[in-house]
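Working notes, beginning with the structure itself.
The values are calculated or read from the model by the stated rules, or taken from the named source; none is laboratory data. Given the structure is predicted, the values throughout are model-derived calculations rather than measurements. In this analysis, Cβ positions are derived from the backbone assuming ideal geometry, glycine residues included, and neighbour counts consider all displayed protein chains.
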Amino acid sequence: MPALPRKEVEEIALLARLHLEAAELAQMEIELGAIIEYFAALAQVPTEGIPPMTHAVPMDLRLRADEPAPSLPASDALAGAPGRDGDLFVVPAIIGGGEP
Amino acid sequence: MTERAELLATWEPVIGLEVHVQLATKSKAFSPSAVQFGAPPNSLTDPLVLGMPGTLPAFNRAALALALKLGVATGSKIRARARFARKHYFYPDLPKGYQISQYDEPLCEDGFLDLIHEGAVRRVKLQRIHLEEDAGKNMHVGSVSHVDLNRAGVPLVEVVSMPEMHTADEAAEFMRSLHRLVRWLEISEADMEKGQMRCDANVSVRRRGEDRLGTRTELKNINSFRFVHNAIEHEIVRQIRQLERGERIVQETRLWDADAGTSQPMRSKETADDYRYFPDPDLPPVVVDGAMMGSTLHGMPELPVARFERYVRAHGLAPDDARTLVNERALAEFFDATVKAHPGEKSGRVIANWMLTELLGALKAGSLSIETSPMPPARLSDLVQLVEDGTISGKIGKEIFEESFRTGEAPKAIVVRRGVQQISDEGALIEIIERVIAANPHQVQGFQAGKDALFGFFVGQVMKETQGRANPVITSDLLHKRLGR
Amino acid sequence: MTVDWLSAAQTAAQIASGELTASAAVDAALDRVASFDEKIGAFLAMDPTAREVANDIDRRRKAGEPLGPLAGVPIALKDNLVTRGVATTAASKMLAGWIPPYDATVVEKLRAAGAVIIGKLNCDEFAMGSSTENSAIKRTANPWDTSRVPGGSSGGSAAAVAAGLCAGALGTDTGGSIRQPAAFCGVVGLKPTYGRVSRWGVIAFASSLDQVGPLSRTVEDAALALEVIAGVDPKDETSIDAPVPRYRDALTGDVKDLRVGIPHEYFDGAIDADIRGALERVKALLVERGAQLVDITLPHTRHALPAYYIVAPAEASSNLARYDGIRFGAAATDAKTLQERYMKSRAGFGPEVKRRIMLGTYALRSGYYDAYYKKAQQVRTLIKRDFDQAWHHVDVVLTPTTPTAAFAFGAKASPLEMYQADVFTLACNLAGLPGISVPCGLTGEALPIGAQLIGKPLDEATLLRAAHVIESVLGITKRPKAVA
C-alpha cells in the first residue's frame, strides 16, 4: 500500500489546523495512504451525468420570518471562553493569516 | 502631456470590484439574533452565531427578498435553485470555521449596473451577486486580538463586477451607483462608515491593444468613495511604473493606507488559501417561488438611472442637475411630486432650479433631510405658480420661500399678508412713473441727452416706490415709451 | 417482573395507572446504574435533576394534570445530544467544561412527553467509530460479555438499555451507529428516514447522514419513542414536513402479503455462520406468516463503504472546524501565536477524529473535490436509485445488521478493518432511508444477533410492523448475565 507522502500529510494537517506529533505523522502516512487507495475503487464507477446527491430527501429551503429573538447575554456567550477580557473573546495577536 | 497621461497612453488599466453590502434585515441571515450597529460587544449572539455544537442554520426570508430585489434591479438571471456552500478558513471572527456563502450556484448572474458617468449612462456588467453571512470583528491590541461577534451572521450580498472598468473615476462611480441603488431600493443603509458597504478592488494593467489581462493585485481597506478612487489611482500608477522598469507584478493582496496615501502588501499567509467549498448539507436549495418573484417585479420602482434619463429627456434638465436629483430617491420623488402638481413645458427645469438652490440650501442650513423637509412638494409648486403667473417677482419669491420654509405658512397667504403682489396693472404703474419723472427732471434731461445708464435709475425709483413689487418687464416697457427712447 | 426490566411503554402505563410512581421508576434505574455501571461504563454524566423531575411528574399525576406518553420513564441520551445546563461532550476532550445554553429539539420533545432524563451516555468521540473504543473518556463494555465491545458509536446507549440501566435511550446513526450497537447488545435500534427527526442540538458528525433514533428493549418502545421525537422543526431546514403517524398502531402482528426483498449482495460475502442461520430463521418465520420473499439486487451496495468514508469525513472535517479553542471547550491557552492556538488546541482530538479530519480535508481540497466528494455523492445517487428500483417490487429489505457478533476489545487492528463493521448499515444512511435492527437470536457464544430491515422513505411503520413480528417469535428473552 502506497503511503501518502509526508509533505502532503503536513500540508493537509496545516490546512486542518491539526498539530500532529512525529509519530502521528508517520502513522497518518500509512493509514491515509491505505484508505485513499481503497477509495480509488470509486473511480471505476461510471457516474457520467449522474447528479451528485446533496440531500437524501429532496426538498426546497424553508424560509424563516425576519423576526429577531432575544440574544444570549454577553456573560453567557463568553461563559466558556478560554480567553476573555470583559465581554470580548481574546486570542493571540492575529498576524497575516486567515481571512482573505 | 503629463507623466500620468503619457503612461496611460501606453497602458490600459483594468479594474473589477467586489462589493459587500449588508442587507437591512432585523435578524441575522441564519438565526434570529438581532442585527444592530454599535451594540455592546458580544451582546447580539446566540448558540448558532457562536458556532456552538449542534446548531443549524435557518435562512431569513427577508435576506432572500432583498437580494432578489437587487438581482432583478440589475437585470440578473435569477437561478431557479441556488445553493449555499461552505467556505472554510480559520479566523477568530469566523465562529464555525466556515462561512456560509454561495459558490458555483449563486442566486444572481450576468446582470449589470448602470453608472452615470461624465453626464452619460455607462453600463458595467456584473459577473454575479451572491448571498453570504458576515464575519465578526477582530480588534488588534498589542500582543492579543479581541473578538466581537455581534456582526457575525449578518446577511450580505457580494456584488462582483466584470473586470471592465478602466479608470479610478469609473470605479468610484460604480460604488456611488451601487450605493445609490441599494439605498433607493431599501436593500441596505449602505453606510460605509459603519461597514455596511465594503469594497475590494482587483486592478491590473496591460499594454493598450493587448487582449490578455495582466497580473492583478487585490486592494483591501478601501471603504469610502474617496479611498476607492485614490487607492486604485495609486495602484494603477504603481503597476505601470513597475512594468516600465521591466519588473513583474506579483499577484498579492495589498492594504490601502489612506493616511500615507500608499498601499502595502499584506503579510503573506502561513498557508495557501484552499477554501474547500462544498454544498452546505444543512441547507436545501433556495427556490424563489412565483409569489416572491411576482411581488419583487411588481414592487420594483423606477430606478435612479431610468429616472435620470427621463429628467434629461422629458424635462430638459442638465445632466448634472438630473444626477443630483436622483442621488436620493426621496429627492427624486419630491421633484416628481412637485412637477406633477405644477405641470408645464418648462416647469421641470424651474422646479429643479428651486430645489437645487433654495430647497437643498435651506435643508442643509437646517441640517434637515428631504424626508423631513418642512416644505412639501405641493407648497413649493404653489410658490412656483405665484412666480410664474406674475403674482410675485422671482426675487420676492425667494423671500416667500424662506418664510414659508421657516413658518410653514402657505406662500399665497404670506404674499397677501405682506402685500407683496407684483404690480402689473399699467394704469397704476404709469401713475408711479409720472411721479418719478416729475420728481427727477435732471435725470430725465440726462437720459434724453444720451446717458443710457440712467434707465436703470428710473427702474430703481419705480421699484423703490412700489417696494419692489412693480413688474419689471412691464415697468421697463412703460418707461421706454414714456421717456421716448 | 420487577420494575427494572419494564419496557418504556409498560413503565408509562403503570405510572399513568398509579401502579408505579415515576420516582420509584427513576430510583430503580438509578439504583441499577449504581450497581452495574461500574462494570458496564455506559454513563458519562448523571442529570442531577432526575429525581426532582420524577417527583414533579408524580405531583402532577396526583393533581390530575395531563401526562405525556413517556411520563416518568427513565431515559438516557447519547452524549452528542445537547442538554441545557448538563455537560455535553460527545465523548471528546475538546468539549471539556462546555455547559450548553440550550436543549436539542429531541430533548425538548422528550421532556414535553414527560420522560425523565437520567444521564448522558458514552459513545465514540464525535460519534466516529463502531465500537465505542474511540471515546476519549471511558470504555463501555458489552453487557453480554464484558470482554467485548458494545458496538458503536452509540455503544453507551445500547449497553445501558441492554443492561436495564434505563428504559430506553436515544442514539444517533450516521453509518450504522444505532443499528450496529443495537445488534451487538441485543436491543432494538431504529434509524429513522433522514429528516424525520430534527437534528437541532445533535452535535454534527456528517450532516447529510446524521439521524437521531431510539434504542429500546422492545419494538413497541421504538414506535412510541419515534412518535415523540419525530416531526418537522423550523430550526432544522432538512427536517421533513410530514405528519407523524401513531406508529404503535402499526404493530398488528400481521405481515401477510408483505413483500420482503432479499438482496443477494448482503448475503454473498463473509457472514458468521450463526448470523446466517439466524437470518434464515427470520426468513422462514416471515414466509410462515404469509410474507413473500423476493430476490432483489442492489448492485451499487459494494461502493457504499468507500463513498461513505469520503462523504462522512469530508463533512466531519467541516463540522469540526468550530472546535478552535476560542469560544468554548478545551484550548491551548499557553499558545504564543494564533496559529499555535489553533494547531495545539485541535491536537486534543483523538486519533480517529484526527484521521477523519485529515481524510475529509484531503477529499475537499481544490482539485480533489470532483474525484472524491462529488464522485461519492454521485455514487450515493446510484445507491439510492438501486433502492428506488427495489421499491417497485418490495416493501422492505431484509439483511443482517452486522457480518459478525460483538468483537473483543482491540480486535480491529486497522481503521479499514474497523470500517468494515458497518458494511451492511451504511447504504441506508447514504440513501436517507429508515432502518431498524431487531434482535433475532443468540450465537453459540450467547452473543446477540440483529436482523436489519430497510424501508421506503418515511415508511417506518412497515419496518416496525415487520420487526414486531420477528421480535415476538425470535426475540431474545434471556438477560445479559453480567447485569442479571
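The criterion of being assigned to a loop (DSSP other than H, G, I, E, B) and modelled with pLDDT of 95 or more holds for A:Leu61.
Among the candidates B:Ser177, B:Ser224, B:Ser188, the residue that is among the small types (Gly, Ala, Ser), surrounded by fewer than 19 Cβ atoms within 10 Å (Cβ to Cβ) and on the phi < 0 side of the Ramachandran plot is uniquely B:Ser224. Out of all the residues in the stretch A:45-52, is one or more without any contact (Cβ under 8 Å) to a residue 40 or more places away in the chain, crowded, with 19+ Cβ neighbours inside 10 Å and closer than 18 Å to C:Ala312 by Cβ? For the stretch A:45-52, residues without any contact (Cβ under 8 Å) to a residue 40 or more places away in the chain, crowded, with 19+ Cβ neighbours inside 10 Å and closer than 18 Å to C:Ala312 by Cβ: absent.
Only one of the listed residues (C:Ala466, C:Ala421) is touching a residue at least 24 places away in the same chain (Cβ under 8 Å), small (Gly, Ala, Ser) and more than 25 Å from C:Pro143 (Cα to Cα). That residue is C:Ala466.
Assess whether B:Ser101 counts as being closer than 30 Å to C:Arg341 by Cβ, in contact with a helix residue (DSSP H, G or I) (Cβ under 8 Å, 6 or more places away or on another chain), of a type in the set (Gly, Ala, Ser) and touching a residue at least 12 places away in the same chain (Cβ under 8 Å). When the stated conditions are applied, B:Ser101 does not pass them. Is it true that B:Leu283 is within 13 Å of chain A (Cβ to nearest Cβ), touching a strand residue (DSSP E or B) at 6+ places or on another chain (Cβ under 9 Å), of a type in the set (A, V, I, L, M) and assigned to a loop (DSSP other than H, G, I, E, B)? When the stated conditions are applied, B:Leu283 passes them. Restricting attention to the stretch C:405-412, does a residue exist that is more than 12 Å from chain A (Cβ to nearest Cβ), in contact (Cβ under 8 Å) with a residue 60 or more places away in the chain, closer than 23 Å to C:Glu460 by Cα and buried (at least 19 other Cβ atoms within 10 Å of the Cβ)? No, there is no match, as no residue in the stretch C:405-412 is more than 12 Å from chain A (Cβ to nearest Cβ), in contact (Cβ under 8 Å) with a residue 60 or more places away in the chain, closer than 23 Å to C:Glu460 by Cα and buried (at least 19 other Cβ atoms within 10 Å of the Cβ). Counting only residues that are hydrophobic (A, V, I, L, M, F, W, C) and facing chain A (nearest Cβ under 7 Å), the stretch C:372-390 holds 3 of them.
Among the conditions (1) without any contact (Cβ under 8 Å) to a residue 24 or more places away in the chain; (2) within 22 Å of C:Val423 (Cα to Cα), C:Val244 misses just one, which is (2). Residues of the stretch C:316-339 that are within 19 Å of B:Val141 (Cβ to Cβ) and charged (D, E, K, R): C:Arg327, C:Lys336. Would you check if there is a residue in the stretch B:161-169 being surrounded by fewer than 20 Cβ atoms within 10 Å (Cβ to Cβ) and among the hydroxyl-bearing types (Ser, Thr, Tyr)? Yes, the conditions are met somewhere in the stretch B:161-169.
Answer yes or no as to whether C:Ala222 is more than 14 Å from chain B (Cβ to nearest Cβ), free of Cβ contacts under 8 Å to residues at least 40 places away in the same chain and part of a helix (DSSP H, G or I). No.
Filtered by the rule that a residue be under 21 Å from A:Glu8 (Cα atoms), at the interface with another protein chain (Cβ under 7 Å from one of its Cβ atoms) and among the acidic types (Asp, Glu), the stretch A:31-64 gives a lone residue, A:Glu31. Against the criterion of being within 12 Å of another protein chain (Cβ to nearest Cβ), outside any loop (DSSP other than H, G, I, E, B) and surrounded by 23 or more Cβ atoms within 10 Å (Cβ to Cβ), B:Leu66 qualifies. Does C:Leu95 meet the test of being under 30 Å from C:Tyr309 (Cβ atoms) and within 14 Å of another protein chain (Cβ to nearest Cβ)? Yes.
Report yes if C:Ala431 is within 13 Å of another protein chain (Cβ to nearest Cβ) and crowded, with 19+ Cβ neighbours inside 10 Å, otherwise no. For C:Ala431, the condition - within 13 Å of another protein chain (Cβ to nearest Cβ) and crowded, with 19+ Cβ neighbours inside 10 Å - is met. Suppose we filter the stretch B:1-41 for residues that are of a type in the set (A, V, I, L, M) and buried (at least 23 other Cβ atoms within 10 Å of the Cβ); how many remain? Residues flagged as of a type in the set (A, V, I, L, M) and buried (at least 23 other Cβ atoms within 10 Å of the Cβ) within the stretch B:1-41 amount to 7.
If a residue must be more than 7 Å from chain A (Cβ to nearest Cβ), among the β-branched types (Val, Ile, Thr) and either surrounded by fewer than 24 Cβ atoms within 10 Å (Cβ to Cβ) or assigned to a loop (DSSP other than H, G, I, E, B) (or both), how many such residues does the stretch C:331-371 contain? Counting residues in the stretch C:331-371 that are more than 7 Å from chain A (Cβ to nearest Cβ), among the β-branched types (Val, Ile, Thr) and either surrounded by fewer than 24 Cβ atoms within 10 Å (Cβ to Cβ) or assigned to a loop (DSSP other than H, G, I, E, B) (or both) gives 0. Taken together, the residues in the stretch C:154-199 that are touching a Phe, Trp or Tyr at 6+ places or on another chain (Cβ under 8 Å), under 27 Å from C:Asp274 (Cα atoms) and in a loop (DSSP other than H, G, I, E, B) amount to 6. Counting just the residues of the stretch C:434-484 that are of a type in the set (Val, Ile, Thr), away from chain A (no Cβ under 14 Å) and part of a strand (DSSP E or B), which one comes out nearest to C:Arg302 (Cα to Cα)? So, considering only residues that are of a type in the set (Val, Ile, Thr), away from chain A (no Cβ under 14 Å) and part of a strand (DSSP E or B), the one nearest to C:Arg302 (Cα to Cα) is C:Ile436. Screening C:His264 on (1) surrounded by fewer than 17 Cβ atoms within 10 Å (Cβ to Cβ); (2) under 30 Å from C:Val107 (Cα atoms); (3) not charged (D, E, K, R) shows it passes everything except condition (2). Mind checking whether some residue in the stretch C:61-71 is more than 27 Å from the chain's Cα centre (by Cα) and of a type in the set (Lys, Arg)? Scanning the stretch C:61-71, I find at least one residue that is more than 27 Å from the chain's Cα centre (by Cα) and of a type in the set (Lys, Arg), so the answer is yes. Which ones in the stretch C:265-322 are among the hydrophobic types (A, V, I, L, M, F, W, C), farther than 25 Å from C:Ala431 by Cβ and within 14 Å of chain B (Cβ to nearest Cβ)? Scanning the stretch C:265-322 gives a single hit, C:Ala321.
Just one residue in the set B:Pro57, B:Pro92, B:Pro13 is at pLDDT 95 or above, within 14 Å of chain C (Cβ to nearest Cβ) and touching a helix residue (DSSP H, G or I) at 6+ places or on another chain (Cβ under 9 Å); that residue is B:Pro92. For the stretch C:90-119, how many residues are touching a Phe, Trp or Tyr at 6+ places or on another chain (Cβ under 7 Å) and under 26 Å from C:Ala332 (Cβ atoms)? Result for the stretch C:90-119: 4. Screening the stretch A:1-34 for residues that are among the β-branched types (Val, Ile, Thr) and surrounded by 21 or more Cβ atoms within 10 Å (Cβ to Cβ) and picking the one that is nearest to C:Ser318 (Cα to Cα) gives A:Ile12.
When C:Asp236, C:Asp210, C:Asp241 are checked against the criterion of being charged (D, E, K, R), out of contact with any Pro (no Cβ under 8 Å at 6 or more places or on another chain), on the phi < 0 side of the Ramachandran plot and crowded, with 24+ Cβ neighbours inside 10 Å, C:Asp210 stands alone in meeting it. Any residue at all in the stretch A:12-19 that's more than 30 Å from B:Gly142 (Cα to Cα) and either facing chain C (nearest Cβ under 9 Å) or within 25 Å of the chain's Cα centre (by Cα) (or both)? Yes, the conditions are met somewhere in the stretch A:12-19. Taking (1) of a type in the set (A, V, I, L, M, F, W, C); (2) under 30 Å from C:Thr21 (Cα atoms); (3) surrounded by fewer than 19 Cβ atoms within 10 Å (Cβ to Cβ); (4) in contact with a strand residue (DSSP E or B) (Cβ under 9 Å, 6 or more places away or on another chain) in turn, C:Ile99 satisfies each apart from (2).
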